[in-house]
1. For region 112-121, does any single residue satisfy the condition of being in contact with a Gly (Cβ under 8 Å, 6 or more places away or on another chain) and assigned to a loop (DSSP other than H, G, I, E, B)?
2. What residue, of 131, 160, 68, 135, is closer than 17 Å to residue 27 by Cα and either more than 15 Å from the chain's Cα centre (by Cα) or among the aromatic types (Phe, Trp, Tyr) (or both)?
3. Pick from 81, 91, 36, 53: which is touching a residue at least 12 places away in the same chain (Cβ under 8 Å), assigned to a loop (DSSP other than H, G, I, E, B) and out of contact with any His (no Cβ under 8 Å at 6 or more places or on another chain)?
4. Can you tell me which residue in region 5-47 is nearest to the chain's Cα centre (by Cα), limited to those that are more than 27 Å from residue 121 (Cα to Cα) and either β-branched (Val, Ile, Thr) or buried (at least 17 other Cβ atoms within 10 Å of the Cβ) (or both)?
5. Inside region 130-160, can you point out the residues that are part of a strand (DSSP E or B) and touching a Gly at 6+ places or on another chain (Cβ under 8 Å)?
6. If I go through region 105-126 residue by residue, how many of them are closer than 16 Å to residue 11 by Cβ and surrounded by 21 or more Cβ atoms within 10 Å (Cβ to Cβ)?
7. Of the residues that make up region 123-132, is at least one in contact with a His (Cβ under 9 Å, 6 or more places away or on another chain) and farther than 18 Å from residue 7 by Cα?
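Just so it is clear, none of the values below were taken in a lab; they were calculated from the coordinates. Everything quoted here is computed from the prediction, not taken from an experiment. With ideal geometry, Cβ positions are generated from the backbone for all residues, glycine too; neighbour counts draw on all protein chains shown.
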Amino acid sequence: MIKVGDKIPSARVKHMTANGPAELSTDELFKGKTVVVFGLPGAFTPTCSAKHVPGYLAKAADLKAKGVDTIACLSVNDAFVMGAWGKDQRVEDKILMLADGSAQLTKALGLELDLTPHGMGLRSKRYAMVVKDGVVKHIAIEENPGALDVSAAEKVMAHV
């Protein structure tokens, strides 16, 4: 599992653009930037939609004022779902909605969560990371994927 001081592994994710899904490498995403990444089990799920994304949306200006270049939401969903969820949540350009459809990055981070018994398949644990120039400076992983405490925007603010 990824930890403070580790470099983010090279992987490819997707995000929705006006021209459809576009690929983005982790190298492009993190090089020379301060990025807050929060991962969650799934788009349109209760805690993720009612609390996790709205919390980062509410704190987006504060995080940017503290030097965060990008706020990214990562989920094991496809780019179409993440794009639709971003519109539903009205994230505009405040949060980059990243799709890790095959869980390539999630597995490389060691943050996968098997929700097969609940009919959801392989997903991501709920977490938040502060990454500076590709190196993890802070990581907080929720013990319970339905809870929102250590990975909430308010908690991450203290680590930027």
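1. The answer is yes; a qualifying residue exists.
2. Step by step, each of 131, 160, 68, 135 is checked, and only 135 is closer than 17 Å to residue 27 by Cα and either more than 15 Å from the chain's Cα centre (by Cα) or among the aromatic types (Phe, Trp, Tyr) (or both).
3. One residue alone meets the criteria, 91.
4. Per the stated criteria, the residue is 35.
5. Looking only at region 130-160, we keep the residues that are part of a strand (DSSP E or B), and these are 130-132, 135-141.
Selection gives 135, 136.
6. 5
7. Checking region 123-132: at least one residue is in contact with a His (Cβ under 9 Å, 6 or more places away or on another chain) and farther than 18 Å from residue 7 by Cα.
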